[in-house]
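Single-structure report; data block below.
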Amino acid sequence: MARTRTYQVVDNRIRYICSNCQAKRSLPVPPRTRSRSVRCHKCGFQERCNLNRRGLPREQQSGKADIIRKDGKEISIDICDISPGGVGVSTTPGEAKALSLMDEIQFKCGWNPRLFASGRYVVKSINGNRLGIQNMAYRSF
């Protein structure tokens with residue numbers, strides 16, 4: 001099995017292109033599936049496919065910043081990825097417990113003050129030390 005490739009999902013279908021023979025095929029994918037193994041219908045080559053269901057792609061971004069809670073407490077974070085709709089960050093162990101879902105926060109970024117607009121950001125997901133933060137100015141739904 002070769003390396004994993006990422007495919008954009010549109011209406012629960014992907015346009016699969018074989019890495020080996022470049023054969024193209026439109027394949028259905030089940031809802032809420034994140035990855036799937038696909039075998040080429042021409043050459044039989046099998047590979048793993050990550051399924052991206054986002055309308056706008058994430059950009060990998062690395063750097064340090066601070067989250068400022070409503071009560072003024074600052075939490076140090078590492079930025080993982082960024083998109084117009086939000087930010088994926090990770091914290092040091094234990095600091096994610098200081099936040100809860102739907103908390104309003106602000107960002108302070110010393111190396112690029114214009115990276116984050118001074119808008120409203122809300123914590124949408126907490127998974128261990130990883131946080132998903134939504135930019136409330138950009139709502140796609």
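The values are calculated or read from the model by the stated rules, or taken from the named source; none is laboratory data. Nothing here was measured: the structure is a model prediction, and the numbers come from that model. So basically every Cβ, Gly included, is an ideal-geometry build from the backbone, and we count neighbours across all protein chains shown.
Can you pull out the residues in the stretch 1-58 that are among the small types (Gly, Ala, Ser), at negative phi and out of contact with any Ser or Thr (no Cβ under 7 Å at 6 or more places or on another chain)? Write out each step before concluding.
Filtering the stretch 1-58 for residues among the small types (Gly, Ala, Ser) gives 2, 19, 23, 26, 35, 37, 44, 55.
This time we only want the ones that are at negative phi, so: 2, 19, 23, 26, 35, 37, 55.
Those that are among the small types (Gly, Ala, Ser), at negative phi and out of contact with any Ser or Thr (no Cβ under 7 Å at 6 or more places or on another chain): 19, 23, 26, 35, 37.
Here's a check for you: in the stretch 89-141, which residue that is within 16 Å of the chain's Cα centre (by Cα), outside any strand (DSSP E or B) and modelled with pLDDT of 90 or more is surrounded by the most Cβ atoms within 10 Å (Cβ to Cβ)?
Result: 129.
Could you list, in sequence order, the residues of the stretch 39-81 that are basic (Lys, Arg), assigned by TED's automatic domain parsing to the domain that holds residue 110 and in contact with a Phe, Trp or Tyr (Cβ under 9 Å, 6 or more places away or on another chain)?
Of everything in the stretch 39-81, just one residue is basic (Lys, Arg), assigned by TED's automatic domain parsing to the domain that holds residue 110 and in contact with a Phe, Trp or Tyr (Cβ under 9 Å, 6 or more places away or on another chain), namely 64.
Which residues, counting only those in the stretch 44-63, are surrounded by 12 or more Cβ atoms within 10 Å (Cβ to Cβ) and more than 15 Å from the chain's Cα centre (by Cα)?
Answer for the stretch 44-63, where residues must be surrounded by 12 or more Cβ atoms within 10 Å (Cβ to Cβ) and more than 15 Å from the chain's Cα centre (by Cα): 45, 46, 47, 48, 49, 63.
Specify which of the listed residues (32, 54, 3, 25) is of a type in the set (Lys, Arg) and part of a strand (DSSP E or B).
Unique residue meeting the criteria: 25.
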